[in-house]
Structures are given as C-alpha cells and as structure tokens.
Amino acid sequence: MTQTNQSKNIVAAEATAHRSQHDIRAHNQAIILSAAEEEFVLQSYRGATMQGIADRAGLPKANIHYYFKNKRNLYKVVLRSIIEEWNTGLVTMTVDSDPKTVIEKFVRTKLHQAFAHPNRHKLFAVEVIGGAPHLHDFMSTTMKEWALDKAQVMTIWHEQGKIGIADPLQLLILIWATTQRYAEFETEIIGLLQKDAYDKEDEARAADFLVPFILRGCGIE
C-alpha cells in the first residue's frame with residue numbers, strides 16, 4: 001500500500017470515528033431530553049432530580065451531567081428546544097406569502113405538535129403559570145421579537161386587504177390557545193370524547209374544524 005493510500009485511509013477512519021462520536025452524542029442527548037421532559041412534567045422542576053432523569057433515560061447519572069452540567073441548565077435547554085420547534089411553522093412567512101397557505105400550515109403544524117408531544121406543552125404551561133422564572137429573559141427578547149415580526153407581516157397583509165384581522169397578535173394568541181389546549185388539557189378532552197387516549201383520527205378531526213373556522217375569522221374563504 002502506498003503512503004498516499006495509507007494517508008487516505010487514516011483520514012477516512014478519523015472521519016468515520018468523528019461521525020460515530022457525533023451520532024452517539026446526538027442520540028444520547030435526544031434520549032436525555034425526552035426523559036427530562038417526562039420527569040419535569042411528572043415531578044415539576046423542584047421535584048425532578050438528575051438521578052430520576054438518568055433512570056428514565058437508562059443512562060448513568062454521570063452522562064447526564066456530562067452533557068448538561070446541572071438540572072437548571074438541562075431544564076432551560078428542554079424549554080428552549082420546545083419553543084424553537086413550535087415556531088417552525090411560521091419561519092418562512094413573508095409579506096409575499098399566501099395568507100391562507102401560511103395560516104393553515106401553522107394551525108396544522110401546531111396541532112400535530114400538540115398531539116405528538118403533549119408533555120412539551122404541559123411542561124411549558126407549568127413554567128409560564130409559575131411566572132416563567134427560567135424563561136423570562138428568553139420570552140422578553142427572542143420570543144417577543146419573533147411574535148412581533150410575524151405580527152408585522154400580518155399587519156401588512158391586512159393593509160393590503162389580504163386578511164380581515166386588524167390585530168394579528170390576537171390571532172397568534174388564539175392559534176396558540178386553541179391548538180395547545182389539546183395537549184395541556186389532554187385528560188379533560190379525552191374524557192369529553194369518551195376515550196382512553198387520542199387515536200390517529202382525533203388530530204385530523206381537530207384540524208378539519210379549526211382550520212376553516214380560523215380562516216373564516218381572518219376573512220379568508
């Protein structure tokens with residue numbers, strides 16, 4: 001084997017090892033975040049422990065500290081990752097976007113997130129009800145800027161006659177409230193539906209009701 005081939009093999013092996021380490025890290029972090037969501041929802045921030053999270057994740061407690069240092073840091077990462085995921089439905093919205101397409105996509109995305117990951121909504125709700133001590137700075141800066149930016153676009157839509165909503169911030173609040181309710185009050189709604197758990201048709205049923213209802217409220221047919 002030539003020196004050139006040896007060098008290429010060494011580089012390839014190092015790249016493979018790097019990817020492997022990256023994949024392991026991402027996998028472990030995903031497991032930890034999922035376990036932390038459940039622990040924080042069931043035990044609250046105060047009652048949750050790093051050992052409890054480790055037990056749910058099936059990993060040594062030292063691994064939890066290695067990736068997230070302490071409980072407070074892990075809790076904030078969980079909360080911020082939740083918010084960042086929620087906001088993806090409106091990321092590409094501009095004044096040139098079609099309001100009907102954007103609003104319908106946002107409502108359906110929010111509903112899917114509520115049905116797919118109810119614990120994330122419950123955890124966020126508990127944090128906010130408690131005064132958002134771990135999210136106050138984030139909510140007063142990043143989250144506020146995001147909401148005002150989207151509201152500004154919708155205000156231009158209103159001025160252009162594309163939607164009939166003159167106060168778009170209220171529209172955002174309405175969409176958050178109606179979609180997240182299915183997760184935050186999951187037990188109540190399941191009881192009203194006379195079921196033991198949501199089934200695959202419940203999300204579609206909610207979307208088929210909410211989407212035309214909200215669009216009509218926006219003056220969009």
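This model, with +1 at the C-beta of Lys and Arg and -1 at the C-beta of Asp and Glu, gives region 139-221 a dipole about its Cα centre of some 260 debye. At what distance in angstrom do the alpha carbon centres of region 137-180 and region 17-90 lie from each other? The two parts, judged by their Cα centres, are 30 Å apart.
Entry note, the chain: relative contact order of 20 percent, from Cα contacts under 8 Å with a spacing of 6+ residues.
For the chain, count all C-alpha to C-alpha pairs, find those more than 33 Å apart, and express that count as a whole percent of the total. Tail fraction, whole percent: 32. Per residue, the accessible area of region 113-221 comes to 57 Å² when a 1.4 Å probe rolls over the protein heavy atoms. Of the trypsin sites (Lys or Arg not before Pro) found in region 188-221, those in coil by DSSP whose Cβ has at most 11 other Cβ atoms within 10 Å are Lys195.
From largest accessible area down, sort Glu201, Glu85; use a 1.4 Å probe on the protein chains. Before the final figure, lay out each step's value.
Details: Glu201 125, Glu85 60 Å².
Highest to lowest solvent-accessible surface, that is Glu201, Glu85.
Rolled with a 1.4 Å probe across the full set of protein chains, the surface gives Tyr182 an accessible area near 50 Å². Rolling a 1.4 Å probe over the protein heavy atoms of the chain, with every protein chain left in place, gives an accessible area that is 54 percent carbon and sulfur. Each residue of region 173-182 was assigned a 3J(HN,Hα) from its phi angle through the Karplus curve 6.51 cos²θ - 1.76 cosθ + 1.60 (θ = phi - 60°); the sequence is 4, 4, 5, 4, 5, 6, 7, 6, 4, 5 Hz, with glycine and proline shown as x.
Ligands, DNA and RNA aside, His27 has an accessible area near 110 Å² when probed at 1.4 Å. The calculated pair-distance distribution of region 83-172 uses every alpha carbon pair, bins of 10 angstrom beginning at 0, and gives 15, 43, 32, 10, 0 percent.
Restricting to DSSP H runs of at least four residues, report the calculated mean residue ellipticity at 222 nm for the chain, -39500 (n - 2.57) per run over all residues, nearest 500 deg cm²/dmol.
Values: 10 runs with 165 residues, N = 221.
Taken over the chain, the calculation gives -25000 deg cm²/dmol.
Each of Val95, Pro118, Thr49 was placed along the dipole of the chain (beta-carbon charges, centred on the mean Cα), and the one lying farthest toward the positive end is Thr49.
The values are calculated or read from the model by the stated rules, or taken from the named source; none is laboratory data. Bear in mind the structure is a predicted one, so any value in this text is a computation, not a measurement. Cβ: placed from backbone, ideal geometry, glycine included. Neighbour counts: every protein chain shown. Surface areas here come from the heavy atoms of the whole protein model, side chains and all, with no ligands, DNA or RNA. Shrake-Rupley method; radii C 1.70, N 1.55, O 1.52, S 1.80 Å.
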